[in-house]
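Everything below concerns the one structure shown next.
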Amino acid sequence: MTLGKLDDHLLEAADPLLRELHEQTGETVNLGVLRGTSVRYLQILESKHPFRLVVDASSRDPFYSTALGRALTSALADDDWNELIHHTKLVARTPQTVIDPVQLYEIHQRASQQGYAIEEDQNDIGVTCIGAPIRDGGEIVAAVSVSIPTARVDADSQPQLIDAVKQTAEKISAQLST
């Protein structure tokens, strides 16, 4: 399949489940893929809250500062991870952006172990994102995330959001495998 056809297949399988997550959380839902060292957004369902992050579909962000990118790269072997970091210009997007390769590797390991990634105020000030990988036949092909104003994330809501994102990623993965 060509790249465009793969993205179309992914969108077709993911759309109803992304809409479910959007309805369940009321927050912005993103679907993204890794292209080089950047995350390319394929679909964005914006929150209806007046205070939200607005991102254009097909825009790009660096993988290292986003929950989507961290989820997308969570299964990379150490050699592949090091190669990716070596070819990435690490630039702080905010004062909280982690750009130290050792710290980024620790974040990578944590995302790999937990099955999700989280970032708070590292790509955009005031925004927390939670992302989980989508697999097709065991290989990570995309990731899903929710973007929430940091002010709306607390100790009670965060575990529920993590669970919802992980479950959505698992359901999309199951759709791709059928």
Query raised in the report: For segment 59-74, which residues satisfy the criterion of being at pLDDT below 95 and either over 20 Å from Ile44 (Cβ atoms) or of a type in the set (D, E, K, R) (or both)?
Result: Arg60, Asp61
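For the subset of segment 24-41 comprising residues that are part of a strand (DSSP E or B) and hydroxyl-bearing (Ser, Thr, Tyr), which member is surrounded by the most Cβ atoms within 10 Å (Cβ to Cβ)? It would help to see each step written out before you state the result.
First, pick out the residues of segment 24-41 that are part of a strand (DSSP E or B): 28-35, 38-41.
This time we only want the ones that are hydroxyl-bearing (Ser, Thr, Tyr), so: 28, 38, 41.
On the way: Thr28: 23, Ser38: 17, Tyr41: 20.
Ranking the candidates gives Thr28 first.
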Query raised in the report: Inside segment 130-145, can you point out the residues that are farther than 18 Å from Arg35 by Cβ and within 11 Å of the chain's Cα centre (by Cα)?
Result: Ile130, Ala132
Query raised in the report: So is Glu120 closer than 22 Å to Ala13 by Cβ and acidic (Asp, Glu) or not?
Result: no
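Among residues belonging to segment 3-20 that are small (Gly, Ala, Ser) and modelled with pLDDT of 90 or more, point out the one that is farthest from Arg152 (Cα to Cα).
Pass one, segment 3-20, residues small (Gly, Ala, Ser): 4, 13-14.
Right, trim to modelled with pLDDT of 90 or more and you get 13-14.
Working: Ala13: 29, Ala14: 26 Å.
In this case the residue turns out to be Ala13.
Could you list, in sequence order, all residues of segment 129-138 that are surrounded by fewer than 24 Cβ atoms within 10 Å (Cβ to Cβ) and modelled with pLDDT of 95 or more?
Looking only at segment 129-138, we keep the residues that are surrounded by fewer than 24 Cβ atoms within 10 Å (Cβ to Cβ), and these are 135-138.
Within segment 129-138, just Arg135 meets the criteria.
Is at least one residue of segment 120-128 within 18 Å of the chain's Cα centre (by Cα), on the phi < 0 side of the Ramachandran plot and in a helix (DSSP H, G or I)?
At the first step, the residues of segment 120-128 found to be within 18 Å of the chain's Cα centre (by Cα) are 120-128.
Right, trim to on the phi < 0 side of the Ramachandran plot and you get 120, 122-125, 127-128.
Cutting the leftovers down to in a helix (DSSP H, G or I) gives us none.
No, because not a single residue in segment 120-128 is within 18 Å of the chain's Cα centre (by Cα), on the phi < 0 side of the Ramachandran plot and in a helix (DSSP H, G or I).
Results for (1) modelled with pLDDT of 95 or more; (2) in a helix (DSSP H, G or I), shown as yes or no for each residue.
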position	(1), (2)
His22	yes, yes
Gln43	no, no
Leu53	no, no
Thr97	yes, no
Query raised in the report: Only one of these conditions is not met by Ser147: (1) crowded, with 18+ Cβ neighbours inside 10 Å; (2) outside any strand (DSSP E or B); (3) out of contact with any helix residue (DSSP H, G or I) (no Cβ under 8 Å at 6 or more places or on another chain). Which number is it?
Result: (2)
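The values are calculated or read from the model by the stated rules, or taken from the named source; none is laboratory data. On a predicted model such as this, the values are computed, not experimentally measured, just so you know. Every residue, glycine among them, receives a Cβ derived from its backbone with ideal geometry; neighbour counts consider all protein chains shown.
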